[in-house]
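These notes concern the structure reproduced below.
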């Protein structure tokens, strides 16, 4: 079989990883005199890598991140309380594999959303399905789903993700119905999936936005005893970044 025919077959079968690697693999095989089994192994690995990369791209797209944050870009020079050890603990995804919640607590500007989206991106790259949204978007989506008769379908959609990240918990008060929805979502994810929150409010103060005392106690109990909680203090990073840019302009 000619190389051209082999390429056509690969394209028809959507083996794009093999297709992109074929010419180089043939050249390397001719030069290094590798065996047929090694030749096949290289092509299979190229196809596997391509498909895994494509799946990761699709997972990242489905996650609906607002920015592409990455841990490699985290600025440890800023005077924040979070440590490299804590970042490492988040990065290893042990909490996610153990179906534990992640709570990132701190005032505005300390990097909660950056870390949340960075861990979401990292999870996508490691084979996990992720959904990112603000907590107000959840409240609005649940209301729309109820009014349109799609509530159960929407809840079933949420249940499929390995990790859901709710940003800015506490930005808006919950009705009793919304609070019950949140409590149920947290509960159903405690078995084999995970959930993450960013918030300016410690969990003990979520009763400021969840007025139903019974539901608040249930949510607090489900989170406080199992979550990986990271409290972040320090100056707003937006101010730190602005000062760094000003200093660079001055030096230039």
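The values are calculated or read from the model by the stated rules, or taken from the named source; none is laboratory data. All of these numbers come straight from a predicted model, not from anything done at the bench. No Cβ is skipped: glycine too gets one built from the backbone with ideal geometry, and neighbour counts run over all protein chains shown.
Among the residues of region 156-183, which ones are within 21 Å of the chain's Cα centre (by Cα), farther than 20 Å from residue 105 by Cβ and touching a residue at least 12 places away in the same chain (Cβ under 8 Å)?
158, 159, 160, 161, 162
Does residue 171 meet the test of being in a loop (DSSP other than H, G, I, E, B) and in contact with a strand residue (DSSP E or B) (Cβ under 9 Å, 6 or more places away or on another chain)?
Criteria met by residue 171.
What about residue 111, is it at pLDDT below 95, closer than 30 Å to residue 159 by Cβ and in the same structural domain as residue 165 (by TED's automatic domain parsing)?
Judged against the criteria, residue 111 is a match.
For region 206-224, check the following and say yes or no: at least one residue is under 23 Å from residue 112 (Cα atoms), outside any helix (DSSP H, G or I) and at pLDDT below 95.
Checking region 206-224: not a single residue is under 23 Å from residue 112 (Cα atoms), outside any helix (DSSP H, G or I) and at pLDDT below 95.
Of all residues in region 184-208, how many are out of contact with any helix residue (DSSP H, G or I) (no Cβ under 7 Å at 6 or more places or on another chain) and in contact (Cβ under 8 Å) with a residue 40 or more places away in the chain?
Summing the residues that are out of contact with any helix residue (DSSP H, G or I) (no Cβ under 7 Å at 6 or more places or on another chain) and in contact (Cβ under 8 Å) with a residue 40 or more places away in the chain in region 184-208 gives 8.
Sort out which residues of region 73-90 are closer than 30 Å to residue 188 by Cα and either at pLDDT below 90 or surrounded by fewer than 15 Cβ atoms within 10 Å (Cβ to Cβ) (or both), and write them in order of number.
85, 88
In region 173-192, which residue that is closer than 19 Å to residue 132 by Cβ and modelled with pLDDT under 95 is surrounded by the most Cβ atoms within 10 Å (Cβ to Cβ)?
Among those residues, the one meeting the criterion is 189.
Would you confirm whether any residue within region 128-140 is without any contact (Cβ under 8 Å) to a residue 12 or more places away in the chain and either more than 30 Å from residue 79 (Cα to Cα) or outside any helix (DSSP H, G or I) (or both)?
yes
Which ones in region 209-218 are in contact with a helix residue (DSSP H, G or I) (Cβ under 8 Å, 6 or more places away or on another chain) and surrounded by 16 or more Cβ atoms within 10 Å (Cβ to Cβ)?
210, 212, 215, 216, 218
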